[in-house]
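The block underneath contains the structure these notes are about, expressed in structure tokens.
The values are calculated or read from the model by the stated rules, or taken from the named source; none is laboratory data. Quick caveat: nothing in here was measured; it's all calculated off a predicted structure. Because the Cβ atoms are built from the backbone with ideal geometry, glycine has one as well, and the counts that use them run over all protein chains shown.
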Amino acid sequence: MISLECPNCGGRVQRPNEKDRYAKCPYCGGEVYFEEIHSTEEFHRLQNTTYQLQQENNVEESNRKNLREWTLMRNIFIGYIAVTNFIAWVLAGFGAYSEKENVTGIGAIVMILSFAAVVSSPFILAHKRSHYDVLNNQIDQGAKIKAFVFQIIVNVVVVLITILMAYVFCLVTGMTD
Ligand SMILES: [Zn+2]
């Protein structure tokens, strides 16, 4: 038997006949149209589907937000490593060349600060990395290990490039002439 909740009072209204398009609510006397929502079951099914889609959307949005934050953190690490390493090597190179020990000393301190990020970033980024693969919409159990290995490679490349840039910078500016 098909029944509906009365939109007016919430009472249960039975459909008198398969062909009847509306029925009178026995509680409030209001008219209930069966064409609009065919049955309570159908209505609840739709409600559940809508709720499920909303939940999935929330999870997806939260995963995307996590990835954005993680990517931002990774970019900050890379930028920090590049800048500090560059400054460290320029100072160390210039200090050593001009025999200014205090400049070399500052260079060494900056290098330690840079090295701290080089060593810690693979661990931190792997720890913060979600198992959830947003692009393929699935769980990726190897995501943390991949993030760890990838960050080590990125850090080595960034360090080598910035050392080369510091060397070229010193040559071009004549700091080590
Ligand atoms: Zn009613």
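General remarks:
The rows are residues; the columns are (1) assigned by TED's automatic domain parsing to the domain that holds residue 14; (2) farther than 27 Å from residue 126 by Cα; (3) at pLDDT 95 or above.
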position	(1), (2), (3)
51	no, yes, no
54	no, yes, no
68	no, no, no
76	no, no, yes
81	no, no, yes
85	no, no, yes
92	no, yes, no
98	no, yes, no
104	no, yes, no
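- Residue in segment 118-125 that is among the hydrophobic types (A, V, I, L, M, F, W, C) and within 17 Å of the chain's Cα centre (by Cα) present: yes
- Matching option when the condition is modelled with pLDDT of 95 or more and not aromatic (Phe, Trp, Tyr), among 135, 171, 164: 164
- Considering segment 43-68, the residues that are among the charged types (D, E, K, R) and loosely packed, with under 12 Cβ neighbours inside 10 Å include one that is nearest to residue 13 (Cα to Cα), namely 45.
- Residues in segment 1-28 that are within 10 Å of the ligand (Cβ to nearest atom) and among the β-branched types (Val, Ile, Thr): 13 alone.
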